[in-house]
Ligand SMILES: Nc1ncnc2c1ncn2[C@@H]1O[C@H](COP(=O)(O)OP(=O)(O)OP(=O)(O)O)[C@@H](O)[C@H]1O
Ligand SMILES: [Mg+2]
């Protein structure tokens, strides 16, 4: 479903070139829940942006459902993204002048018109992320954790076949984090949504089917729930 082949990503600023991804190969199956972990600055968000078609690789291929994102025009990528991908940004990227409801509704219709069904869906999603009653509030008046949950609801509103979430529980307390992870896991199982989640939290990563460990722009290690030493691996992490 998602295929990353020999992907390199370089950023150029003036004379300076930084190679952030140094040859990444990764396949994520349809309906899989994958977690990506690794040190700050190792390239996790950069990779997630490439998976979401928000940026293009310097070299290599990113395919989602047979479509090669790296070969698409920007316009085509934008349309593809709207149809298939939900993205939770590390810094949320809410529209601050809009209300919570308007933010969640944003991906639904370009012209802002909402059907009764849409409205029902938005209220239901706000309930699922624990924000019932806050729909009319302006996004910038919410706490960091509340904003994060608006970002999650917005990413889910279109029922994307692929959910890409950059530290979606990074600003939440343990109980809220558990609720969000349970929600994501349920969507993954019931709707066969493919999920790639970047996280610093091994507790969150423990919800995934596989954990990819990133190090300095390459995949250092992959551990699967099916592996015999999976439980031991998680325990070592926590020790
Ligand atoms: N647009 C950009 N221009 C230049 N450098 C960039 C750009 N985006 C990312 N980088 C650099 O790429 C490296 C990896 O960044 P990235 O955001 O992918 O790390 P990360 O693994 O997500 O880290 P964190 O855990 O802190 O979120 C960093 O050194 C960063 O400065
Ligand atoms: Mg990041």
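The values are calculated or read from the model by the stated rules, or taken from the named source; none is laboratory data. This is a predicted model, so every value here is computed, not measured. All Cβ positions, even for glycine, are placed from backbone atoms using ideal geometry, and neighbour counts span all protein chains on display.
Kindly indicate whether any position in segment 191-200 is in contact with a strand residue (DSSP E or B) (Cβ under 8 Å, 6 or more places away or on another chain), more than 18 Å from residue 87 (Cβ to Cβ) and within 16 Å of ligand 1 (Cβ to nearest atom). Working first, answer last.
Kept after step one, since they are in contact with a strand residue (DSSP E or B) (Cβ under 8 Å, 6 or more places away or on another chain), are these residues of segment 191-200: 193-200.
Still in the running and more than 18 Å from residue 87 (Cβ to Cβ): 200.
Those still in the list that are within 16 Å of ligand 1 (Cβ to nearest atom) too: 200.
Yes, because at least one residue in segment 191-200 is in contact with a strand residue (DSSP E or B) (Cβ under 8 Å, 6 or more places away or on another chain), more than 18 Å from residue 87 (Cβ to Cβ) and within 16 Å of ligand 1 (Cβ to nearest atom).
Just for segment 22-50: of the residues that are touching a helix residue (DSSP H, G or I) at 6+ places or on another chain (Cβ under 6 Å) and part of a strand (DSSP E or B), which one is farthest from ligand 2 (Cβ to nearest atom)? Break it down stepwise before answering.
To start, the set of residues in segment 22-50 that are touching a helix residue (DSSP H, G or I) at 6+ places or on another chain (Cβ under 6 Å) comprises 33, 35-38.
Still in the list and also part of a strand (DSSP E or B): 33, 35-37.
On the way: 33: 19, 35: 13, 36: 10, 37: 11 Å.
Within segment 22-50, the match that is farthest from ligand 2 (Cβ to nearest atom) is 33.
Can you tell me how many residues within segment 199-223 are on the phi < 0 side of the Ramachandran plot and not in a strand (DSSP E or B)? Quick ask: steps written out before the conclusion?
First, the residues of segment 199-223 that are on the phi < 0 side of the Ramachandran plot: 199-215, 218-223.
Now narrow it down to the ones that are not in a strand (DSSP E or B): 199-209.
Total meeting the criteria: 11.
Of all residues in segment 154-172, which are away from ligand 2 (no atom under 13 Å from the Cβ) and outside any helix (DSSP H, G or I)?
Here is the first cut: in segment 154-172, the residues away from ligand 2 (no atom under 13 Å from the Cβ) are 154-163, 169, 171-172.
Residues satisfying the conditions are 157, 158, 159, 160, 161, 162, 163, 169, 171, 172.
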**Message:** Checking residue 41 against (1) away from ligand 1 (no atom under 12 Å from the Cβ); (2) under 25 Å from residue 234 (Cα atoms): exactly one of these is not met. Which one?
**Reply:** (1)
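Is it the case that residue 155 is closer than 24 Å to residue 54 by Cα and more than 16 Å from ligand 1 (Cβ to nearest atom)? Walk me through how you get there before you give the answer.
Values: closer than 24 Å to residue 54 by Cα: yes; more than 16 Å from ligand 1 (Cβ to nearest atom): yes.
Against the criterion (closer than 24 Å to residue 54 by Cα and more than 16 Å from ligand 1 (Cβ to nearest atom)), residue 155 qualifies.
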**Request:** Within segment 89-100, identify whether any single residue is part of a helix (DSSP H, G or I) and either touching a strand residue (DSSP E or B) at 6+ places or on another chain (Cβ under 8 Å) or at pLDDT 95 or above (or both), and answer yes or no.
**Result:** yes
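Can you go through 238, 187, 234 and tell me which one is at pLDDT below 95, away from ligand 1 (no atom under 16 Å from the Cβ), crowded, with 18+ Cβ neighbours inside 10 Å and over 19 Å from residue 25 (Cβ atoms)?
On the way: 238 fails: crowded, with 18+ Cβ neighbours inside 10 Å; 234 fails: crowded, with 18+ Cβ neighbours inside 10 Å.
Being at pLDDT below 95, away from ligand 1 (no atom under 16 Å from the Cβ), crowded, with 18+ Cβ neighbours inside 10 Å and over 19 Å from residue 25 (Cβ atoms) holds for just one of 238, 187, 234, which is 187.
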**Request:** Could you figure out which of (1) within 15 Å of residue 37 (Cβ to Cβ); (2) more than 16 Å from ligand 1 (Cβ to nearest atom); (3) more than 14 Å from the chain's Cα centre (by Cα); (4) at pLDDT 90 or above isn't true of residue 208?
**Result:** (3)
**Item:** Filter result for residue 17 (surrounded by fewer than 18 Cβ atoms within 10 Å (Cβ to Cβ), more than 15 Å from ligand 2 (Cβ to nearest atom), farther than 26 Å from residue 211 by Cβ and under 15 Å from the mean Cα position of the chain (by Cα))
**Value:** no
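So if I check each of 125, 48, 108, 69, which one is within 16 Å of ligand 1 (Cβ to nearest atom) and within 15 Å of residue 160 (Cβ to Cβ)? Break it down into steps so the answer makes sense when it comes.
Working: 125 fails: within 16 Å of ligand 1 (Cβ to nearest atom); 108 fails: within 16 Å of ligand 1 (Cβ to nearest atom); 69 fails: within 16 Å of ligand 1 (Cβ to nearest atom).
The unique qualifying residue is 48.
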